[in-house]
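Notes to accompany the following structure.
Only the coordinates and a few stated rules stand behind these numbers; no lab work does. Quantities reported herein were computed from a predicted structural model and do not represent experimental measurements. Counting neighbours? That spans all protein chains shown, and the Cβs are built from the backbone with ideal geometry, glycine included.
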Amino acid sequence: MKKLLTAVLAFAFFAFSLTLNAQDEKAAPSPFSKVEQKVGTTDFTVEYSRPGVKDRKVFGELVPYDKRWRTGANAVTKLTINKDIKVEGKELPAGTYALFTTPGTSKWDVHFFEYGEGSPNAYNEAKPKLTVSVMPMNLGDVSVETFLIFFDQLRDESGTMMLAWDNVAVPVNLMVK
């Protein structure tokens with residue numbers, strides 16, 4: 001009888017724990033996303049969080065111009081590449097990088113830092129492995145509500161990593177070997 005009571009109590013505790021965990025689980029305001037893309041024979045993986053516009057003015061206010069942005073929300077955006085590539089014509093070795101940007105009205109700087117666990121603020125003091133400048137595109141009346149990173153214009157030796165949010169898209173040209 002004692003064993004049965006212990007088993008019933010253990011089961012009740014387990015069921016109660018599951019109920020509490022289910023009640024504590026809430027949707028993230030900026031949900032996690034993972035993109036895996038093959039460009040030619042090179043594998044790209046991007047792990048990031050997707051903030052929403054949510055009736056806010058994004059660029060110039062929520063994300064200030066001419067200040068480094070972690071390019072996403074919650075945690076650092078993580079880009080993993082399995083082979084050496086060129087970004088906007090500049091060499092970037094295979095590896096894992098923290099992706100940051102410095103938005104501007106007429107150009108964006110895209111920064112690739114050697115990835116390390118920890119606070120996004122740790123990258124403020126670090127020197128990027130690579131920085132490239134790209135021209136943003138105004139999407140006009142089109143608006144991307146939830147920040148999005150995707151790959152487009154795929155060819156055997158090239159592709160474009162697109163960063164899109166609100167009415168701005170930022171193309172980053174990639175050459176693979």
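Scan (1) 14.1; (2) 10.6; (3) 16.0 for the value of mean projected area of the Cα convex hull in nm² calculated from this model and give just the label.
Recomputing mean projected area of the Cα convex hull in nm² here gives the entry labelled (1).
To make sure I understand, if each residue's beta carbon is the centre and we count other beta carbons within 10 Å, what order do Y123, Y65, Y97 fall in, fewest to most?
Working: Y123 20, Y65 14, Y97 23.
Lowest to highest Cβ neighbour count: Y65, Y123, Y97.
In the structure displayed, which of K57/K177; K34/K177; K54/K86; K34/K90 lie more than 28 Å apart, Cα to Cα? Numbers along the way, then the final one.
On the way: K57/K177 40 Å; K34/K177 24 Å; K54/K86 35 Å; K34/K90 25 Å.
Violating the 28 Å limit, Cα to Cα: K57/K177; K54/K86.
If you line up the long axis of helix 2-24 against the longest principal axis of the chain, both from Cα atoms, how many degrees apart are they, to the nearest 10?
Once rounded, the angle reads 30 degrees.
Provide R56, R50 in ascending order of the number of other Cβ atoms located within 10 Å of each residue's Cβ, fewest first. Kindly include the intermediate steps, with their values, before the conclusion.
Numbers: R56 11, R50 20.
The most exposed by this proxy come first: R56, R50.
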